[in-house]
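Just below is one structure, and these are the notes that go with it.
The values are calculated or read from the model by the stated rules, or taken from the named source; none is laboratory data. Remember, predicted model here, so these are calculated numbers, not experimental data. We place every Cβ from the backbone using ideal geometry, glycine too, and count neighbours over all the protein chains shown.
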Amino acid sequence: MSKISSAFTNKAFIAFITCGDPDLATTAACVREAVRNGADLIELGIPFSDPTAEGPVISAANIRALSGGIKTKDVFELVRELRKDVTVPMVFMTYANVVFSYGAEKFIGTCEEVGIDGIILPDLPYEEKEEFLPTCKAHGVDLISLIAPTSENRVEMIAREAEGFIYLVSSLGVTGERSKITTDLAGIVSHIRKVTDVPVAIGFGISTPEQAKEMAGLSDGAIVGSAIVKLVEKYGKDAPKYVGEYVKSMKDAILGK
């Protein structure tokens, strides 16, 4: 069984953090505060120069991190250090070119070595996942599938082969906060449930406790990125405290506290 399943014992809150914005020490502190305040799984964004799935908030964080000199090898060292005390599942969110340029075998093998449980590659089409899947399986790293509102008749096909958890994209477009989410997510989750019991978490556009509660009610968990990254942008090295408070408010809402 995937280690990631342990994050979904109850309704899960998944926190996304861009690595190296403003620096790796702040990233590490934000991760620890998020976990201390209820985050069940951490998504670590490896900075990339052309993050096509990201909206302006996370794109800007990528640019700040890269401008600060952050490299993929630095992110691996960050995870190695976090794993001294952080036990919740952690996954990478990055892009296929990052894996290719590092070397797929080396990248995925290092994921296993440092304790990364899965990778999310939003620019990897379902039809091309065999490029990485055998290597992921060999190293016990889940290649996490995304399902979008545009997946339509491919939903069950993607879900049937999914591992770790399914990242259900709430809305068309890029990441970022949205005032309202109008996609028929319940219908998509119903299609997924027909073919797999792999957990489903909804991301893109979730920023308020009310939205988190609603999305977790429809699925197995809620994913939040831009709202957390915005706190880091606003407070810089002082952000961990505010990230912790925010995560607590979201997790409490999901649990109905």
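Being closer than 21 Å to PHE48 by Cβ and of a type in the set (Asp, Glu) is the filter here, so list the residues in segment 111-152 that pass it. Matches in segment 111-152: ASP117, ASP123, GLU128, GLU131, ASP142. Within segment 123-166, can you find the residues that are charged (D, E, K, R) and touching an Asp or Glu at 6+ places or on another chain (Cβ under 7 Å)? The answer is ASP142, GLU163. Of the residues making up segment 163-208, those that are under 29 Å from PRO56 (Cα atoms), at pLDDT 95 or above and part of a loop (DSSP other than H, G, I, E, B) are GLY164, PHE165, PRO199.
Anything in segment 68-93 that is among the hydrophobic types (A, V, I, L, M, F, W, C) and assigned to a helix (DSSP H, G or I)? List them, or say none.
VAL75, PHE76, LEU78, VAL79, LEU82
Just for segment 128-158: of the residues that are at pLDDT 90 or above and acidic (Asp, Glu), which one is nearest to the chain's Cα centre (by Cα)? The qualifying residue nearest to the chain's Cα centre (by Cα) is ASP142. Considering every residue within segment 115-122, establish whether at least one is modelled with pLDDT under 95 and either over 17 Å from the mean Cα position of the chain (by Cα) or closer than 21 Å to ILE42 by Cβ (or both). Checked segment 115-122: at least one residue is modelled with pLDDT under 95 and either over 17 Å from the mean Cα position of the chain (by Cα) or closer than 21 Å to ILE42 by Cβ (or both). Within segment 1-60, if we keep just the residues that are of a type in the set (Lys, Arg) and modelled with pLDDT of 95 or more, the residue that is surrounded by the most Cβ atoms within 10 Å (Cβ to Cβ) turns out to be LYS11.
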